[in-house]
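Step one of this worksheet: look at the structure below.
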Amino acid sequence: SMVYIGMKFVSRISLVFLLIVFLAVAMMVLGLLLMAGGMWNPEGVLPGSLEENLKPSYEKDLDTGVTPDYAFLIALFFPSTTGIMAGANRSGILKNPGRSIPKGTLGAISMTTVIYMATVWMFGAIVANESLKSNKLVASSVAWPDSIPVGLGIIMSCVGAALQSLAGAPQLLKSMANDKHIGFLAPFGTKARDDEPKRAILFTTCLASLFCLAGNVNYITPIITMFFLAMYGTINLSCFISGYLKSPGFRPKWKYFHWGAALMGALMCMILMFVISVLYAFIAVALACFIGIYIRSIREKKEWGSAVVGFR
């Protein structure tokens, strides 16, 4: 319902969620530091050392019956880094997207990378391996002086991420529908550029809710990761082709852009897809090819041309 009200409301309420998450992270880090100094002994959490957490120690998940490996854990963690596209997905409503998106995206990547790396190393150096495996809410258990704000921060982080996704995806769907690239998406378009995509919001909400019925995020996360990688790979591939051929319609304002970085990003996404799951990778690639062929069949009528022609 909050997303349905409008993007401005989502942006304002997201600031409240962000402040709660920052408070939760601060209390969690403080608890870990006090625990390392012997001044805090949280209930249900055993102290440990870095040595016992450096080596792999995979055990079967009692809920799914699956013994994870390194590739599976990458697929499980990857969706937590996908918020970097939030600015690009909302480029249509930004006053100066050419200036805001690069700074906002790089700032978000830098901040989240520092937080992720710091917390992973701190938990690995301070908390016992047994506690990390058995206590799924260990982040709130180690918090000082109380675990409730961290539990609330976890909830706000999940709700905030869901709101950002449900706010960005409909805008992207609306733009695709308005561009008339894919004919069957036409019902999700809007008459005016600034209109809220009501039907797109309802569709994405229903679609997201349907997959949540799986009951365990471990079942659907690898699939989500695969399509995120496919999306990032095609975006990088598009930037590589446009940059390498010096397409007149492609003029990135970011002065450090180079087509070589885009090519490397596309290759890395493709390699990571097959490392995680060969089957899911083939399905994602086949679906992307099908969409590409479909759009190419429409291009004959609309005379858009193709950047790939430049390679001939």
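The values are calculated or read from the model by the stated rules, or taken from the named source; none is laboratory data. These figures come from a predicted structure and were not determined experimentally. Every residue, glycine among them, receives a Cβ derived from its backbone with ideal geometry; neighbour counts consider all protein chains shown. Each accessible area value is taken on the protein alone, full model and side chains, heavy atoms only, with ligands, DNA and RNA left out. Shrake-Rupley method; radii C 1.70, N 1.55, O 1.52, S 1.80 Å.
Cβ-Cβ distances below 6 Å connect the following pairs, each with a first residue in the stretch 193-218 that is loosely packed, with under 13 Cβ neighbours inside 10 Å, a second residue that is at pLDDT below 75, and a separation of six or more residues or different chains: Asn216/Asp63.
When residues of the stretch 130-145 are filtered for being in contact with a helix residue (DSSP H, G or I) (Cβ under 8 Å, 6 or more places away or on another chain) and without any contact (Cβ under 8 Å) to a residue 40 or more places away in the chain, how many remain? Adding up the residues that qualify gives 1.
Summed over the stretch 40-55, residues that are closer than 24 Å to Ser140 by Cα and assigned to a loop (DSSP other than H, G, I, E, B) total 9. When the stretch 187-222 is limited to residues that are over 19 Å from Val159 (Cβ atoms) and in contact with a Leu (Cβ under 8 Å, 6 or more places away or on another chain), the one that is modelled with the lowest pLDDT turns out to be Asn218.
Looking for whichever is in contact with a helix residue (DSSP H, G or I) (Cβ under 6 Å, 6 or more places away or on another chain), more than 23 Å from Val16 (Cβ to Cβ), touching a residue at least 40 places away in the same chain (Cβ under 8 Å) and among the aromatic types (Phe, Trp, Tyr) here; the options are Phe72, Phe78, Phe123. Which one fits? Testing whether each residue is in contact with a helix residue (DSSP H, G or I) (Cβ under 6 Å, 6 or more places away or on another chain), more than 23 Å from Val16 (Cβ to Cβ), touching a residue at least 40 places away in the same chain (Cβ under 8 Å) and among the aromatic types (Phe, Trp, Tyr) leaves just Phe78. Annotation: of all residues in the stretch 280-312 being in a helix (DSSP H, G or I) and among the aromatic types (Phe, Trp, Tyr), the one that is modelled with the lowest pLDDT is Phe311.
Here's the yes/no breakdown for (1) at pLDDT 75 or above; (2) open to solvent by 60 Å² or more (accessible area, probe 1.4 Å); (3) closer than 21 Å to Val120 by Cα:
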{"residue": "Asn135", "(1), (2), (3)": "yes, no, yes"}
{"residue": "Gly151", "(1), (2), (3)": "yes, no, yes"}
{"residue": "Cys158", "(1), (2), (3)": "yes, yes, yes"}
{"residue": "Lys174", "(1), (2), (3)": "yes, no, no"}
{"residue": "Ile224", "(1), (2), (3)": "yes, yes, no"}
{"residue": "Tyr232", "(1), (2), (3)": "yes, no, no"}
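Please tell me if Trp144 is under 18 Å from Val25 (Cβ atoms), open to solvent by 40 Å² or more (accessible area, probe 1.4 Å), of a type outside the set (D, E, K, R) and in a loop (DSSP other than H, G, I, E, B). Spelling it out, Trp144 is indeed under 18 Å from Val25 (Cβ atoms), open to solvent by 40 Å² or more (accessible area, probe 1.4 Å), of a type outside the set (D, E, K, R) and in a loop (DSSP other than H, G, I, E, B).
Of all the residues in the stretch 236-279, those that are open to solvent by less than 80 Å² (accessible area, probe 1.4 Å), within 20 Å of Gly98 (Cβ to Cβ), assigned to a helix (DSSP H, G or I) and among the hydrophobic types (A, V, I, L, M, F, W, C) number 4. Here the stretch 107-118 is the region considered, the condition is being modelled with pLDDT under 90 and surrounded by 13 or more Cβ atoms within 10 Å (Cβ to Cβ), and the residue that is farthest from Leu54 (Cα to Cα) is Ala108. Filtered by the rule that a residue be touching a residue at least 40 places away in the same chain (Cβ under 8 Å) and either surrounded by 16 or more Cβ atoms within 10 Å (Cβ to Cβ) or in contact with an Asp or Glu (Cβ under 8 Å, 6 or more places away or on another chain) (or both), the stretch 176-191 gives a lone residue, His181.
The numbered conditions (1) without any contact (Cβ under 8 Å) to a residue 24 or more places away in the chain; (2) among the hydrophobic types (A, V, I, L, M, F, W, C); (3) within 18 Å of Leu18 (Cα to Cα) are all true for Leu166 except (1).
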